[in-house]
1. Using only alpha carbon pairs under 8 Å that are at least six residues apart, calculate the relative contact order of the stretch 283-362 and give it in whole percent.
2. Among the lysines, which fall within straight-line cross-link reach of LYS13, defined as a Cα-Cα distance under 25 Å, with same-chain neighbours fewer than 8 residues apart omitted?
3. Let me have the relative contact order for the stretch 344-477, percent, based on Cα pairs under 8 Å that are six or more residues apart.
4. Just reorder GLU95, GLU411, GLU380 by solvent-accessible area, largest first, 1.4 Å probe, all chains present.
5. Just for the chain, what percent of DSSP beta bridges are antiparallel, to the closest 5?
6. Output wanted: per-residue J couplings in Hz (rounded whole) for the stretch 486-494, from phi through Karplus 6.51 cos²θ - 1.76 cosθ + 1.60, θ = phi - 60°, x for Gly and Pro.
7. Restricting things to alpha carbons, find the Rg to Rh ratio for the stretch 209-319 using the Kirkwood radius for Rh.
8. Carbon and sulfur together cover what percent of the accessible area of the chain at a 1.4 Å probe radius?
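The values are calculated or read from the model by the stated rules, or taken from the named source; none is laboratory data. All figures in this text were calculated on a predicted structure; none of them were measured in a lab. Glycine gets a Cβ as well: all are built from the backbone with ideal geometry, and neighbour counts include every protein chain shown. Calculation scope for accessible area: heavy atoms of the full protein, side chains included, ligands and nucleic acids excluded. Shrake-Rupley method; radii C 1.70, N 1.55, O 1.52, S 1.80 Å.
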Amino acid sequence: MQDCIKEQVLSAKKIHRALLSVTDKSGLVEFAKALAGQGVELISTGGTARTLREAGLDVKDISDLTGFPEMLDGRVKTLHPKVHGGLLYIRGNAEHEAAVAAHGIAPIDMVVVNLYAFEKTAAKPGVAFGHLIENIDIGGPSMVRSAAKNFEDVAIVTRVEDYPTLTEELKSNSGALSRETRWKLAKQAFATTAAYDTAIANKLDRIAESPEPAKPAAPDTNAFPSTLRINYPLAQSLRYGENPHQRAALYADGSGLGVAGAKQLQGKELSYNNLVDLDACWELALELSPEPNDPPAVAIIKHTNPCGAATGATVLEAYQKALSADPVSAFGGVIGINRVVDGAAAEEIAKLFVEAIAAPGFTDEAKERFAAKKNLRLVEIQPAPARPVVKNVSGGLLLQDADTGRIVQSELNIVTKRPPTSRELSALLFAWRVCKHVKSNAIVYACLDGEFAQTVGVGAGQMSRVDAAKFGAMKAVLPLKGTVAASDAFFPFPDGLETVVEAGATAIIQPGGSVKDADVIAAADRLGVAMVFTGIRHFRH
């Protein structure tokens, strides 16, 4: 025990001098006061120094340390041997000690830095190219890397959220930080500079030409990055992956949006499969009613495929319609809802065993009703912008745009002698939206019930389109007569169309584009059904 204590004491390093230079000044004054309370000399730059002085703290300007004024609009202030020498020299190394003594370089034991907000600047619409470039931090990352490299002697603080724990350790350890803490801070620091450089490289990589400084830094939206750089921090370790023998973790972009940024209100820890299914049901729920004035929509997902989806006058009505399509498969699934869930809907949903429910919010009454189901995972999600889709293949990655293609009624091409009725058109567009979210080969049967739509049968992931049509019909609980059918890709032969018509469909929506289109259209005319082409395919592998 005594040896362990001795080793811990020896590894702790007292902080005598700290350099503070931050963009985000949250918690800065409190942390600086804690440092000063331990007798730490404070050195600072520009706005950070001003903030500390206004709080009554004694601060030494960086120019007093370096003997050189800040210049070039602040571009040059910390890029100096008396800064980096004070950070990088190895304490106790005779050669290093002699060098810093000869040049009058004082040690700096802590650096508190966060970087120019490049990503926030880059996200502003129409940001000027010159302003974007000016927000690339140079001195900050240089100090971060110098301090992190010399973590044996220097503490590097890059995260505001670390201030409270560091304050406590300094107080309890006579103004010193342990080697373990310094190592943890160094790893975070290198991750910070890596993420920062990645954000800059990704942004600049998409700007094909070098615009004039005053002109917008408009990205080339048609260009893929020359190098795919992915840098997402760990958000959560998961119990396991798709199966118990697989490890898994969730990494998030930090936006707080989408499934990765969801807020879990209750229930067991989210699993890998929960997250995959939640993403599928949330995206489908948004797809069904994309505009704020659109009706409530509910999607029930099992193993990433919809087993029921519907719109309704209320969340309760939409849920009841979605459930009625396939109540057996819905057992143990996940539910996506595009509106705040109220007490009436919660009362009904709580009767079914489901793993998780995703919605933009839950009323207090709904939360109270769901609270009795302690294992049920409730998650609040806010929509995230569409991002490129990344898929692993052996030896590399595939990258593609998100499938954001949508069709409106005016874009449909009626190819049969009989045009669809207005009710059929509404049902066709609904079925088409659902079909986009079904694994290929996919056939979706749907109908209108009053003003609102619902699925009737879903044929998912079949190797043959005819089999998908048969499977969707076989899964139907509700009557198929008078339904419409959607196919995610063209019918290569008339047999697929003939199968959905035999099942009861009176109108069909499909992309078209087959060499056998004429034969398929002729079969539709012969059978007296309506058919429209979308000109767009929705494969989902």
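1. On the way: 167 pairs, mean separation 21.7, N = 80.
So the answer I get is 27 percent.
2. LYS33, LYS60, LYS82, LYS149, LYS171, LYS184, LYS187
3. Relative contact order for the stretch 344-477 comes out at 13 percent.
4. Solvent-accessible surface, decreasing: GLU95, GLU411, GLU380.
5. 55 percent
6. 10, 10, 5, 9, 5, 7, x, 9, x
7. In the stretch 209-319, Rg relative to Rh is 1.09.
8. After summing per-atom areas, the C and S share lands at 53 percent.
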